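Enquirer: Let me give you the structure first, and then I'll get to my questions.
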Amino acid sequence: MTASPLITVVVPAYNAEDCLGRCLSSLVAADDGSGALEIIVVDDGATDGTGALADAYAQAHTAIEVIHQDNGGHGGAINTGVAASRGTWLKVCDADDAIDPGALRTLLAALRSWQREGNEPDLVVTNFVYVREGTPAWYRLSHGPARRGPRGIRPGRHVVRFRGLLPSGRIGGWDDVGRFRPDQYLMMHSLAYRREVLERSGMRLPEHCFYVDNLFAFEPLRHVRTLTYLDLDLYYYTVGRAGQSVADDVIVARLDQHDRVNALMLEAMPHEGDVPKALLRYLVHIYTMSAVVITTMALRSGTPRNIAIKQQLWERLDGTRPDVARRVRGSVMGRLMTLPGRPGNWVPVAGYQVARRVLALN
């Protein structure tokens, strides 16, 4: 038995009765009873059967702990789970997503090895897979070789990998990280932080705000010194659920919340010399992609409210961090976002629509 878990998986859950069982079943399938895996379900004031379902799983599986709280939003639920966690590493799995059990067992074996060697990376990056809600694959999660992922997913699935970008098969630093393309960035789904990193960062996600996963994949990175990449299809990310926060119409309706997160990202942005050059370059890159989403959606909606949000973003950037503004505006995506005249209105929208089709998310 381990003195403390190797990894804690935090599952924020709000009105997730229809999908939480799938998520928790995928996690407990990887539990070997050694105490290496801790699963904390945060019932975030759900008004359906989420809390009762979580309690039933906890009664059947000792690895699961359930915390019931008043609704604090996605960020509030993650904050609670992080504060209660005991694992050396921590990962978040949303209640409507799932983890491949075979890949999780492989990850646990790697964590054990690093712990024995006293060579524990601050960050472990793995792959994530976009899966459309309702596909039969969700109900046939693989227990076989981790690289295969769930059986039955149609060949057109989209897997986000980081081959050639991050140190693989070894633990490295930011100097070992390559340059990300405009469409490449680390999402929450791909990250497992060493818990001490989260504690050092002092990260406190805003409550009752969507898109806080962008902050989870941003703020703690400045405290990451060592990292590694495991080419495992670990996380299965649901798309196509009604009212999902990443749906275009939802993003447009909540653009003010996206902008709130963007402002917090800018506030957390380190200055040159504070962090390795490669890390600062990456943080500017991911901030740029946040600005791209807000700008594109504002132009696509064309409403005075959203156009004002877009204008506010660029004025805030220029006024508070001109050093970052120069980097953002000098990037390929930044130049496209700030084209003058009519091209500046339709080029970003056209580019976004092409990207969505390529990823097969529509």
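The values are calculated or read from the model by the stated rules, or taken from the named source; none is laboratory data. Predicted, not measured: the structure shown is a model, and the values here were computed from it. Please note: Cβ atoms are built from the backbone with ideal geometry, for glycine as well, and neighbour counts cover all protein chains shown. Just so you know, the surface numbers come from the protein's heavy atoms only, side chains and all, with ligands and any DNA or RNA stripped out. Shrake-Rupley method; radii C 1.70, N 1.55, O 1.52, S 1.80 Å.
Enquirer: Can you name the residue in region 178-208 that is open to solvent by less than 10 Å² (accessible area, probe 1.4 Å) and not in a helix (DSSP H, G or I) and is also farthest from TYR235 (Cα to Cα) among such residues?
Expert: LEU205
Enquirer: Looking at region 209-235, which of its residues are open to solvent by 30 Å² or more (accessible area, probe 1.4 Å) and either modelled with pLDDT under 95 or part of a helix (DSSP H, G or I) (or both)?
Expert: Once the filter is applied, which keeps residues that are open to solvent by 30 Å² or more (accessible area, probe 1.4 Å) and either modelled with pLDDT under 95 or part of a helix (DSSP H, G or I) (or both), region 209-235 yields PHE210, ASP213, ASN214, GLU219, ARG222, HIS223.
Enquirer: Hey, another quick one. Can you tell me which residue among GLY118, GLY73, GLY87, GLY81 is at positive phi and touching a residue at least 60 places away in the same chain (Cβ under 8 Å)?
Expert: GLY73
Enquirer: Which count do you get for residues in region 87-131 that are under 18 Å from ALA30 (Cα atoms), more than 18 Å from the chain's Cα centre (by Cα) and of a type outside the set (S, T, N, Q)?
Expert: Total satisfying the criteria: 9.
Enquirer: Sticking with this structure for a sec: Taking region 14-37 only, how many residues are open to solvent by 10 Å² or more (accessible area, probe 1.4 Å) and either under 22 Å from the mean Cα position of the chain (by Cα) or closer than 18 Å to ASP55 by Cβ (or both)?
Expert: 9
Enquirer: Give the residues of region 251-276 that are touching a helix residue (DSSP H, G or I) at 6+ places or on another chain (Cβ under 8 Å), of a type outside the set (A, V, I, L, M) and assigned to a helix (DSSP H, G or I), sorted by residue number.
Expert: ASP256, HIS258, ASP259, ASN262
Enquirer: If you go through region 38-61, how many residues are surrounded by 17 or more Cβ atoms within 10 Å (Cβ to Cβ), charged (D, E, K, R) and without any contact (Cβ under 8 Å) to a residue 40 or more places away in the chain?
Expert: Residues meeting the conditions: 2.
Enquirer: When the residues of region 296-331 are filtered to those that are farther than 23 Å from GLY273 by Cβ and outside any helix (DSSP H, G or I), which remaining residue is modelled with the lowest pLDDT?
Expert: GLY302
Enquirer: Looking at ASP259, ASP248, ASP274, can you tell me which residue is out of contact with any His (no Cβ under 9 Å at 6 or more places or on another chain), acidic (Asp, Glu), open to solvent by less than 40 Å² (accessible area, probe 1.4 Å) and modelled with pLDDT of 95 or more? So that I can check it myself, show each step before the final result.
Expert: Numbers: ASP248 fails: modelled with pLDDT of 95 or more; ASP274 fails: open to solvent by less than 40 Å² (accessible area, probe 1.4 Å).
Selected residue: ASP259, the only one of ASP259, ASP248, ASP274 that is out of contact with any His (no Cβ under 9 Å at 6 or more places or on another chain), acidic (Asp, Glu), open to solvent by less than 40 Å² (accessible area, probe 1.4 Å) and modelled with pLDDT of 95 or more.
Enquirer: Only one residue in ILE64, ILE99, ILE78 is touching a helix residue (DSSP H, G or I) at 6+ places or on another chain (Cβ under 6 Å) and within 23 Å of TYR130 (Cβ to Cβ). Which one?
Expert: Of ILE64, ILE99, ILE78, the one residue that is touching a helix residue (DSSP H, G or I) at 6+ places or on another chain (Cβ under 6 Å) and within 23 Å of TYR130 (Cβ to Cβ) is ILE99.
Enquirer: On to the next question. Go through region 64-86 and count every residue that is under 20 Å from the mean Cα position of the chain (by Cα) and among the hydrophobic types (A, V, I, L, M, F, W, C).
Expert: 5
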